[in-house]
Amino acid sequence: MTQAIRILLVDDHPLVRDGVSMRLQATEHLRVAGEAASLAEALALAGPLAPDIVLTDIRMPGASGIDLAARFREQHPLVRVLVLSMHEDPEYVRRAVALGARGYVLKDAPAQQLIEAIETVHRGGHYFSPGLRPVAEAPLPAPGRALTPREASVLQWVAEGRSNKEIAALMGTSVRTVETHRLHLRRKLRIDGQAAFIKYAVDHADLLTGARQAPVSACAPPR
């Protein structure tokens, strides 16, 4: 008998988890090994449960499913992440894939499509709901072409691992202003979560160099 695929289900809505779990458990070779309502709970359960697949929503309180994909790629690289979401925003799809998700299925898809996605990802493949594959394969936007010099500088310093206090000193501004810049950058780049924001900055560090503002210390004084 084929060993069942072990699934860790991550969604902050209990009713959604109950419905998805019930459908998956009705399939003989699928087993919901555990459930979590957040990234923190999922990481805590990953070791003891040893799931094959993490099936996660995108929008959750605190860290998102995109953050989850990044963290699992770092801490549990053998566990494959599959997104199950009602959001078909192209940026969500591209960023989820860029940060390690192996597939993206919409919540209004037929149950058989979700089962096929789980099987495909478990075999080492990728799976996307119809219409999403071209989006997933499209490149992420190059930030140096879309950002102002000051925004590019902030993103570059984030990529270097500098704190808000350090960035404020480099810019000659206040920590609060740096926090505002980071928030505006996340909104402009449509990035959900701090981990995804930092990963995006690191991944695009080379592209940012030419767009940086050269003496940033000449910026407006602290407020």
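Couple of notes before you dig in:
- Scope the range 183-198; condition at pLDDT 75 or above, closer than 21 Å to R73 by Cα and not small (G, A, S); matching residues: I191, Q194, F197, I198
- Criterion violated by G124 - all others in (1) at negative phi; (2) modelled with pLDDT of 75 or more satisfied: (1)
- Residues of the range 1-21 classified as hydroxyl-bearing (S, T, Y) and within 21 Å of A46 (Cβ to Cβ), total: 1
- The criterion of being small (G, A, S), in a loop (DSSP other than H, G, I, E, B) and either in the same structural domain as G103 (by TED's automatic domain parsing) or at pLDDT 95 or above (or both) does not hold for G34.
- Residue check for G103: over 25 Å from L24 (Cα atoms), touching a residue at least 12 places away in the same chain (Cβ under 8 Å) and out of contact with any Cys (no Cβ under 9 Å at 6 or more places or on another chain): no
- Selection within the range 95-127: residues that are of a type in the set (K, R) and crowded, with 21+ Cβ neighbours inside 10 Å. The member of this set that is nearest to A4 (Cα to Cα) is R102.
- Looking across the range 75-94, the residues that are farther than 27 Å from A26 by Cα and either of a type in the set (F, W, Y) or surrounded by 19 or more Cβ atoms within 10 Å (Cβ to Cβ) (or both) come down to Y92, V93, R94.
The values are calculated or read from the model by the stated rules, or taken from the named source; none is laboratory data. Bear in mind that the values here come from a model prediction, so they are computed numbers and not experimental data. Every residue, glycine as well, gets a Cβ built from its backbone with ideal geometry; the counts of neighbours run over all protein chains shown.
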